[in-house]
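Presented below is the structure to which this report refers.
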Amino acid sequence: MSRLSTFGRVLKSAKLGDSLLFETIHPAGLHLPRHEHDKASLNICLSGFYQERFGRRSYPCDQATVMLKPAGEFHSNDYGSGDTHCVMIEFGALAAAQIAEFSNVLRDLWTVRGGPSAAAMSEICRELQFSDHASAIIIEGCIWRALGHAERQRRSVRLAGRPAWLNRVEEYLREQPDSRMSLAEIAATVSVHPAHLNKVFKRHVGISVGAYLRQLQVERARQLLANPDIPLARIAADAGFFDQSHFTRVFKSATGTTPAEFRRHACESRPKMR
């Protein structure tokens, strides 16, 4: 896929130095296959839902979720059952160089839901309604605020240190994404206390062990749903859900659409052979 700034419908756009700002709407059910952007970007989801996948990592994004993506980070996007409203800043070379004088924050993938970064990004959306000199100053200040909080969090995580056993836990969960595993069983594989595992996992990964396991299950189900010949009940079992009802409930909560709706859209989007 070509390196375009945004694949959504642009409601408003603005230029700040050599950086670009977009307010966009992405339609319900949109799937963007694996692609990259040649510039780092900062994005907030104002309403709706989408999921970004980076290799084996998957991040659900709903209202007030802020995401910072480095340049050249390959990812794919799947949007929920309603339109998704976002604001994105794409950093130009001069802006990126200026930020790099103070921090390497644009080099790392980072996401957070709510908090000061989301408040700053939401203010940018409001200021896009104006076109005066004051709005440009306010927007620039908001961008620095959001980046500052991202730098503070990433520095805190880096200083805390990531234990080697955490990689083994993630690998173990990816190999057998079964929701019926207990925290104690998972902790036993690396000989740590369950409470310690839960605390360290959330600090470094950003979500709890249970939420991470749920993401893996949903992603496994999404892959299986691409095959129209596999019954939904079998997908539910293969992806580690208790039953089809549990599968439908969790899948819709995570993606904004039911498994049947997701499959129908996937089949309709598939190129037809001539």
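Values quoted throughout were computed directly from the atomic coordinates according to the rules given, and no laboratory measurement underlies them. Note that this is a predicted model, so its numbers are computed, not measured. With ideal geometry, Cβ positions are generated from the backbone for all residues, glycine too; neighbour counts draw on all protein chains shown.
Data overview
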{"read-out": "When each of 15/199; 12/199; 12/202; 39/202 is checked by Cα-Cα distance, pairs over 32 Å", "value": "15/199; 12/199; 12/202"}
{"read-out": "Relative contact order (percent, whole number), the chain, Cα cutoff 8 Å, 6+ residue spacing", "value": "16"}
{"read-out": "Rg(Cα)/(2.2 N^0.38 Å) for region 9-159, N = residue count", "value": "0.99"}
{"read-out": "Relative contact order, percent, region 164-269 [alpha-carbon distance under 8 Å, six or more residues apart]", "value": "22"}
{"read-out": "Simple spin-label estimate for residue 153 and residue 32 in nanometres, 7 Å along Cα-Cβ", "value": "2.0"}
{"read-out": "FRET E, pair residue 132, residue 171, Förster distance 45 Å, beta-carbon r, rounded to 0.05", "value": "0.30"}
{"read-out": "Loop-exposed chymotrypsin sites (Phe, Trp or Tyr not before Pro) per DSSP, neighbour cap 15 Cβ within 10 angstrom, longest uninterrupted part of the chain", "value": "131-241"}
{"read-out": "C-alpha long axis of helix 244-255 to longest principal axis of the chain, angle in °", "value": "10"}
{"read-out": "Rounded to 10°, Cα long-axis angle of helix 259-269 versus longest principal axis of the chain", "value": "60"}
{"read-out": "Length added when fully stretched, residue 109-residue 15, from 0.36 nm per residue minus Cα-Cα", "value": "31.5 nm"}
{"read-out": "Distance in nm between pseudo-label sites at residue 81 and residue 54 (7 Å out along the Cβ direction from Cα)", "value": "3.0"}
{"read-out": "(i) 77, 45, 33; (ii) 58, 53, 29; (iii) 49, 42, 37, with the label sought being that of the calculated Cα extents along the principal axes in Å", "value": "(ii)"}
{"read-out": "Nearest 10 degrees, 0 to 90: helix 133-160 Cα axis against the chain principal axis", "value": "40"}
{"read-out": "Region 18-68 shape via C-alpha gyration tensor axes, a/c threshold 1.5", "value": "rounded"}
{"read-out": "Approximate spin-label separation residue 223-residue 204, in nm, with each point projected 7 Å along Cα-to-Cβ", "value": "2.3"}
